[in-house]
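I have placed the structure first, in the form of structure tokens, so that the comments after it can refer back to it.
The values are calculated or read from the model by the stated rules, or taken from the named source; none is laboratory data. Keep in mind it's a predicted model, so treat the numbers as computed, not measured. Positions of Cβ are backbone-derived with ideal geometry, glycine not excepted, and every protein chain shown enters the neighbour counts.
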Amino acid sequence: MFHRDSSRGQTMVEFALVLPILVLLLAGFFDLGRVVLGNDALAHAAREAARYAIVHGGSPFNLCPAGPLPADITPPAASTSCPYPSPSRESIRNEARAQAAAAGSSVTVEVCYGAGCTGDDDIEGATNTRGTPVTVTVHSTVTMVAGSILGFQSFDVSNSSTMLVNH
């Protein structure tokens, strides 16, 4: 006369088996979103730092130039308004780090002048005069939550931007 519904217990067991997989997938989607956000932030940081470098080129009218100056231009002395004058690239690196706040931990920046340069090594004789290409490369590491369960702790992201000095 009375019939017990045994499907309630079966549903709970199925839910208990599927829940960890769903949580892992959800955490994986968030990790993927963080990697995409980090990549976008690094692309933006590289563009902004390259723009900073081309605007603060070796013009004699520039009060605080960045990068390698031509031999005929005397670099200004460091001051509160210009803490990192030429040949220092630290102001370019600071601009990239400031723009890459959403990119994760351990942000590193490389700046080089000249066509085909890589890393922090300029092409021989390259200066920050008008028409010289400057390349800014920004690297970062995005830590993973779901990835650590699967065996990888972090994801390395890198972006670069090359522009011509126009000042």
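For the reader, a short list of remarks on this structure follows.
- Residue-level check: of (1) of a type in the set (S, T, N, Q); (2) buried (at least 18 other Cβ atoms within 10 Å of the Cβ); (3) assigned to a helix (DSSP H, G or I), residue 11 misses just (2).
- Subset of segment 75-97 that is in contact (Cβ under 8 Å) with a residue 40 or more places away in the chain and hydrophobic (A, V, I, L, M, F, W, C) - its residue that is nearest to residue 31 (Cα to Cα): 96
- The lone criterion from (1) part of a loop (DSSP other than H, G, I, E, B); (2) in contact with a strand residue (DSSP E or B) (Cβ under 6 Å, 6 or more places away or on another chain) left unmet by residue 111 is number (1).
- When the test is whether a residue is in contact (Cβ under 8 Å) with a residue 60 or more places away in the chain, within 13 Å of residue 52 (Cα to Cα) and not hydroxyl-bearing (Ser, Thr, Tyr), residue 144 does not pass it.
- Selected residue (criterion: surrounded by the fewest Cβ atoms within 10 Å (Cβ to Cβ)) from residues of segment 79-104 that are among the polar types (S, T, N, Q) and not in a loop (DSSP other than H, G, I, E, B): 94
- Residue match in segment 57-78 (condition: out of contact with any Phe, Trp or Tyr (no Cβ under 9 Å at 6 or more places or on another chain), buried (at least 22 other Cβ atoms within 10 Å of the Cβ) and within 26 Å of residue 38 (Cβ to Cβ)): no
- Only one entry of 95, 110 meets the criterion of being charged (D, E, K, R) and in contact with a helix residue (DSSP H, G or I) (Cβ under 8 Å, 6 or more places away or on another chain), and that entry is 95.
- For residue 129: the one exception among (1) surrounded by fewer than 17 Cβ atoms within 10 Å (Cβ to Cβ); (2) in a loop (DSSP other than H, G, I, E, B): (1)
- The residue pairs whose first member lies in segment 124-141 and is free of Cβ contacts under 8 Å to residues at least 24 places away in the same chain, whose second member is not in a strand (DSSP E or B), and whose beta carbons are closer than 7 Å, counting only pairs six or more residues apart or on different chains, do not exist in this structure.
- Only listed residue being assigned to a helix (DSSP H, G or I), aliphatic (A, V, I, L, M) and closer than 22 Å to residue 164 by Cα, chosen from 16, 43, 66, 27: 43
- Where residue 27 falls short, out of the listed (1) at pLDDT below 90; (2) under 21 Å from residue 126 (Cα atoms); (3) small (Gly, Ala, Ser): (2)
- Of residues in segment 105-125 being out of contact with any Asp or Glu (no Cβ under 9 Å at 6 or more places or on another chain) and among the polar types (S, T, N, Q), the one surrounded by the most Cβ atoms within 10 Å (Cβ to Cβ): 108
Each row is one residue, and each column tells you yes or no for (1) among the small types (Gly, Ala, Ser); (2) modelled with pLDDT of 80 or more.
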{"site": "50", "(1), (2)": "yes, yes"}
{"site": "59", "(1), (2)": "yes, no"}
{"site": "66", "(1), (2)": "yes, yes"}
{"site": "80", "(1), (2)": "no, yes"}
{"site": "88", "(1), (2)": "yes, yes"}
{"site": "93", "(1), (2)": "no, yes"}
